[in-house]
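Notes follow once the structure below has been shown.
The values are calculated or read from the model by the stated rules, or taken from the named source; none is laboratory data. The shown structure was predicted, so the numbers you read here are calculated from the model rather than taken from an experiment. Backbone-built Cβ (ideal geometry, glycine too); neighbour counts: all protein chains shown.
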């Protein structure tokens, strides 16, 4: 935070503390509404279908038969499956070298 922002907070009577330790941590907060979808995505992380060639691997997508077993065993809602498909599409773009 720069000095100007700190001054604005001070004018509002707010004390803001800035951590002095290294905050370059690869962690993020997951919104409660997305918690189950994230848990499901992590639970099916080993269920990707790939095609391996001599030069590289092509990520095809999640194995939906296996995903269904995981979602049922963990009692996730149908909405979580829809969220997984969105996450899968985004992941495929990155995994296959296209970026986000």
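Which pairs turn up if I take residues in region 59-74 that are modelled with pLDDT under 95 and look for partners that are assigned to a loop (DSSP other than H, G, I, E, B) and surrounded by fewer than 15 Cβ atoms within 10 Å (Cβ to Cβ) with beta carbon separation below 8 Å, at least 6 apart in sequence or on another chain?
59/96
Take the residues in region 8-38 that are farther than 30 Å from residue 77 by Cβ and surrounded by 10 or more Cβ atoms within 10 Å (Cβ to Cβ); name whichever of them is modelled with the lowest pLDDT. I'd like the intermediate steps shown before the answer.
Kept after step one, since they are farther than 30 Å from residue 77 by Cβ, are these residues of region 8-38: 8-25.
After this cut, where a residue has to be surrounded by 10 or more Cβ atoms within 10 Å (Cβ to Cβ) as well, the list is 8-10, 16.
Details: 8: 81, 9: 79, 10: 82, 16: 73.
For region 8-38, the residue satisfying everything is 16.
Condition first: more than 14 Å from residue 36 (Cβ to Cβ), surrounded by 14 or more Cβ atoms within 10 Å (Cβ to Cβ) and touching a strand residue (DSSP E or B) at 6+ places or on another chain (Cβ under 8 Å). Now tell me which residues in region 59-95 satisfy that.
59, 61, 62, 63, 88, 91, 92, 95, listed by residue number.
Going through 84, 54, 71, 62 one at a time, which residue ends up being more than 23 Å from residue 28 (Cβ to Cβ) and in contact with a helix residue (DSSP H, G or I) (Cβ under 7 Å, 6 or more places away or on another chain)? Walk me through how you get there before you give the answer.
Working: 84 fails: more than 23 Å from residue 28 (Cβ to Cβ); 54 fails: in contact with a helix residue (DSSP H, G or I) (Cβ under 7 Å, 6 or more places away or on another chain); 62 fails: more than 23 Å from residue 28 (Cβ to Cβ).
Checking each option against the conditions leaves just 71.
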